[in-house]
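Student: Below you will find the structure I want to go over with you.
The values are calculated or read from the model by the stated rules, or taken from the named source; none is laboratory data. All values reported here derive from a predicted model rather than from experimental measurement. Don't worry about glycine lacking a Cβ; one is built from the backbone with ideal geometry, like all the others, and counts go over all protein chains shown.
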Amino acid sequence: MDLHTLFLSLLLLQIAMGALDTVAHHELMEKLANRRSAALELKLHAARGLVYGLLFLVFAWLRPQGLWLAAVWALVLVEVGITLWDFVVEDATRLLPNTERVLHTVLAVNGGAMFAVYALATRGDWTLPSALTPVAHGGMSWALSAAALGIGLSALRDGLAARANAAEPPPRPLLAEHPQQHFLISGGTGFIGTALVEGLLAGGHRITVLSRDPRRAALRFGGRARCIADTAELRDDEAVDVVVNLAGAPVVGPRWSAARKRALLASRVGTTRALRAWCERAQRRPALWLQASAIGVYGAQARSGPERRAPEAVAGDFASELCVAWERAAAPIAEQGMRMATLRLGLVLGRSGGMLPMLSLSAALGCAATLGHGRQWFAWIHLDDVLAFVEDAVRHPGVRGAYNLVAPNGCTQAEFTRALARAHRRPAWLRMPAWPLRAALGEMATMLLDGPQVEPQRLLDQRHRFVHAGLDSALAVHARAPRFSSEGGEHPGEFHGTVEHGPAGAGRLR
């Protein structure tokens, strides 16, 4: 193998590892495109991607000589400078996963070897007349051309995401007019938890985040929140006003094997029991416990009327069994006299996480797809309304018991797909049959193909005003075309009704 072929081989290896880093870490694990704090990092990725794309095309089809070779090395030095700057920004804004650090080290070693080989392969070209001599390297040239196109598209995406993140308004202060409260939040680095913590910090409240990785959590919130790994770090005389229990491993991910089910269950029930044990030994118990759950508690094919206080698990429906176990782990809190409200969440829509960014990207590319027959119910709620409900729960002592947190104007999956495509001015013409999804995802496919039909009955009876009652309003916010449907208002929800309390804190509406 000659030196130039060795260089191209190392370059293709570098491209493969870089693509893995981008997809696995930047997209799937860190979701940089949806993080406001990642605006500068995304700009650097976009600039570096453009430099890489140009270099790939040069290496694929041209042999630089003389001053043109000097220009190529200048671009290489620009890329090195951007990469070093990127390292500094990464360390200042997020805690890199160990796999990302290892991969960066391997990339650095391979990159050094690659350019050392290139320097040896081109050492005689400096003395030649300045020219860009056409060359071809067979399949390697075409592979590099494809890589140039791919990284160019990635650079465009990063650049647009950086601009969107930089324009993202700061978090809306939550409970800003309310006396300062101390919130203990589990799952505070998740999609809902991050938005809640940032909003409460902006509102002037004290936050303690219970997290599996407190260093990462502390970095995410700029050191403004106290971050702990275990409830043992909470003192018995700790003065906590509100517990928000959101902790739980994401249900969307690997197939629901027996081991995966045990992990999902343990991440919810274990954390809930630990928080409950601390509350039971605390000298001053919190005034409010907000417990996360999901509408899956009713079962995949359910047609629920008013909220059921303690539904039975649907046999053979893991989502139902998981939610019921989660709620039962927290139930003794209410029985011991603490006020508790359970948030039975539908699919939460928001730019910074959940399923909407992935679905929205597909729609923007013209690939919005109806799943299965499309008639399955799609119960959704916007993140703004989840945060508004938390505010109302803190403000109003009458908020207790279970609430279906879904928008009042639900839709089918096909209707959601058409609305999402319309928000991005794209057609909705694709259809994904049910059987490939069931084959690929197993039981997890029920979340996409068999949604329960539920209504926010208690919120409606209490005349709660939704921020985004209509789907067009919710999607317009994500598509950055601010407008509101006639069904929703521009302000957080408010409770206008009254609640009559029954035994054990069960709310009866009147």
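Student: Somewhere in the range 407-415, is a residue within 23 Å of residue 191 (Cα to Cα), at pLDDT 90 or above, assigned by TED's automatic domain parsing to the domain that holds residue 450 and of a type in the set (D, E, K, R)?
Tutor: No, the range 407-415 contains no residue that is within 23 Å of residue 191 (Cα to Cα), at pLDDT 90 or above, assigned by TED's automatic domain parsing to the domain that holds residue 450 and of a type in the set (D, E, K, R).
Student: As an exercise: evaluate residue 124 against (1) touching a helix residue (DSSP H, G or I) at 6+ places or on another chain (Cβ under 7 Å); (2) assigned to a loop (DSSP other than H, G, I, E, B); (3) free of Cβ contacts under 8 Å to residues at least 40 places away in the same chain and give the number of the one condition it does not meet.
Tutor: Evaluating residue 124 over (1) touching a helix residue (DSSP H, G or I) at 6+ places or on another chain (Cβ under 7 Å); (2) assigned to a loop (DSSP other than H, G, I, E, B); (3) free of Cβ contacts under 8 Å to residues at least 40 places away in the same chain leaves (1) as the failure.
Student: Counting only residues that are surrounded by fewer than 23 Cβ atoms within 10 Å (Cβ to Cβ) and in contact with a strand residue (DSSP E or B) (Cβ under 9 Å, 6 or more places away or on another chain), which one in the range 360-372 is farthest from residue 293 (Cα to Cα)?
Tutor: Restricting to residues being surrounded by fewer than 23 Cβ atoms within 10 Å (Cβ to Cβ) and in contact with a strand residue (DSSP E or B) (Cβ under 9 Å, 6 or more places away or on another chain), the top hit is 366.
Student: Testing residue 141 on (1) among the hydroxyl-bearing types (Ser, Thr, Tyr); (2) surrounded by fewer than 20 Cβ atoms within 10 Å (Cβ to Cβ); (3) not assigned by TED's automatic domain parsing to the domain that holds residue 15, one condition comes back false. Which one is that?
Tutor: (3)
Student: Answer with yes or no whether residue 74 is within 30 Å of residue 213 (Cβ to Cβ) and small (Gly, Ala, Ser).
Tutor: Answer is no for this residue.
Student: Still on this model: Report yes if some residue within the range 246-268 is closer than 30 Å to residue 168 by Cβ, touching an Asp or Glu at 6+ places or on another chain (Cβ under 9 Å) and outside any loop (DSSP other than H, G, I, E, B); otherwise report no.
Tutor: no
Student: Let me ask another. Taking the range 109-138 on its own, how many of its residues are more than 18 Å from residue 73 (Cβ to Cβ), surrounded by 13 or more Cβ atoms within 10 Å (Cβ to Cβ) and among the aliphatic types (A, V, I, L, M)?
Tutor: Matching residues across the range 109-138 total 0.
Student: Evaluate the following for residue 148: is it hydrophobic (A, V, I, L, M, F, W, C), part of a helix (DSSP H, G or I) and over 27 Å from the mean Cα position of the chain (by Cα)?
Tutor: Working: hydrophobic (A, V, I, L, M, F, W, C): yes; part of a helix (DSSP H, G or I): yes; over 27 Å from the mean Cα position of the chain (by Cα): yes.
Yes, satisfied.
Student: In addition: Within the bounds of the range 432-442, is there any residue that is under 29 Å from residue 307 (Cα atoms), assigned by TED's automatic domain parsing to the domain that holds residue 475 and in a helix (DSSP H, G or I)? Can you show your working first?
Tutor: The first filter runs over the range 432-442 and keeps only residues under 29 Å from residue 307 (Cα atoms), leaving 442.
Subsequent filtering for residues that are assigned by TED's automatic domain parsing to the domain that holds residue 475 retains 442.
When the remaining residues are screened for being in a helix (DSSP H, G or I), the result is 442.
Scanning the range 432-442, I find at least one residue that is under 29 Å from residue 307 (Cα atoms), assigned by TED's automatic domain parsing to the domain that holds residue 475 and in a helix (DSSP H, G or I), so the answer is yes.
Student: Something else: Which residues, counting only those in the range 94-103, are part of a helix (DSSP H, G or I) and surrounded by fewer than 18 Cβ atoms within 10 Å (Cβ to Cβ)?
Tutor: 98, 99, 101, 102 - these are the residues of the range 94-103 that are part of a helix (DSSP H, G or I) and surrounded by fewer than 18 Cβ atoms within 10 Å (Cβ to Cβ).
Student: Please work out if residue 186 is within 22 Å of residue 74 (Cα to Cα) and modelled with pLDDT of 95 or more.
Tutor: Here the answer is no, as residue 186 does not meet what is asked.
Per-residue answers, yes or no, for (1) at pLDDT 90 or above; (2) assigned by TED's automatic domain parsing to the domain that holds residue 447; (3) in contact with a Leu (Cβ under 6 Å, 6 or more places away or on another chain); (4) at positive phi:
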site	(1), (2), (3), (4)
269	yes, yes, no, no
282	yes, yes, no, no
285	yes, yes, no, no
289	yes, yes, no, no
292	yes, yes, yes, no
299	no, yes, no, yes
306	no, yes, no, no
314	no, yes, no, no
321	yes, yes, no, no
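Student: Further question on the same structure: Return the residues of the range 236-264 that are over 24 Å from residue 334 (Cβ atoms) and either among the acidic types (Asp, Glu) or surrounded by 11 or more Cβ atoms within 10 Å (Cβ to Cβ) (or both); say none if nothing qualifies.
Tutor: Of the residues in the range 236-264, the ones over 24 Å from residue 334 (Cβ atoms) are 249-263.
Within the range 236-264, 249, 250, 251, 252, 253, 254, 255, 256, 257, 260, 261, 263 meet the criteria.
Student: Right, next: Quick check on my filter: what residues within the range 195-238 are among the acidic types (Asp, Glu) and closer than 21 Å to residue 34 by Cβ?
Tutor: 198, 213
Student: Another one. Restricting to the range 270-297, and then to whatever is part of a helix (DSSP H, G or I) and in contact with a strand residue (DSSP E or B) (Cβ under 8 Å, 6 or more places away or on another chain), can you tell me which residue is surrounded by the most Cβ atoms within 10 Å (Cβ to Cβ)?
Tutor: If we take residues in the range 270-297 being part of a helix (DSSP H, G or I) and in contact with a strand residue (DSSP E or B) (Cβ under 8 Å, 6 or more places away or on another chain), then 297 is surrounded by the most Cβ atoms within 10 Å (Cβ to Cβ).
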